[in-house]
Amino acid sequence: ERWYGEHGAPDRMEEAVYGLTELRRDQVAGAALVANPGCYPTATLLALAPLARAGAIADVVVDAKSGVSGAGRTADDTTHFYVTPRREMDDAELRDLYAEAYAQEPFVELAERPPGVREVRDTNICRIFTRADERTGKLLAFASIDNLWKGAASQAVQNLNLMFGRPEGEGIS
């Protein structure tokens, strides 16, 4: 309330669904009110969800960057998420974890190298790259999205399609 003022419809909060489609698909389908997440939470949560579900996160630092359009230009050592795992994991286990988590997700792709914005520009795709750093024991998860598409408008269309029982990708090119 300090920043945004009093909530306009507090009586509707109980029925609202957090609309990160890949994590809340069943709740979004048929919902009457969906809160659509923005670009930072979308990229962050999709990058961290498989590790969180596996109970593998001991500590995490999110280092998110935004460029002129909000999505940044390229992934490098300064534009990724740092995770301290609860137990040691290698690249193969990490790849398997993410492959299983996102195998049925049409808008999440796993990459062989850190993704850049050009690869996802004008799409509803979240491209994720993971790496186990043996030297530090950290797990690195890079996620790249187009902030105006997956981080906003096309994700809202994806949610709207689910809410009305339409094919999830309808109207998203």
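The values are calculated or read from the model by the stated rules, or taken from the named source; none is laboratory data. On a predicted model such as this, the values are computed, not experimentally measured, just so you know. Because the Cβ atoms are built from the backbone with ideal geometry, glycine has one as well, and the counts that use them run over all protein chains shown.
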The strands (runs of 3 or more DSSP E) lying wholly within region 4-121 that contain at least 1 residues that are modelled with pLDDT under 90 and more than 26 Å from Asn159 (Cβ to Cβ) are 57-62, 81-85
Count of region 147-173 residues which are under 16 Å from Pro41 (Cβ atoms) and in contact with a Gly (Cβ under 9 Å, 6 or more places away or on another chain): 9
Before we move on, is Thr136 in contact with a helix residue (DSSP H, G or I) (Cβ under 9 Å, 6 or more places away or on another chain), part of a loop (DSSP other than H, G, I, E, B) and among the hydroxyl-bearing types (Ser, Thr, Tyr)? no
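Working carefully through the options Ala143, Ala99, Ala152, find the one that is of a type outside the set (Asp, Glu) and farther than 24 Å from Gly19 by Cβ. Outline the logic, then answer.
Working: Ala143 fails: farther than 24 Å from Gly19 by Cβ; Ala152 fails: farther than 24 Å from Gly19 by Cβ.
Within the list Ala143, Ala99, Ala152, the selection yields Ala99.
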Met89 meets each of (1) under 14 Å from Leu51 (Cβ atoms); (2) touching a Pro at 6+ places or on another chain (Cβ under 6 Å) with one exception, condition (2)
In region 116-173, which residue that is surrounded by fewer than 18 Cβ atoms within 10 Å (Cβ to Cβ) and under 15 Å from Glu105 (Cα atoms) is nearest to the chain's Cα centre (by Cα)? Thr123
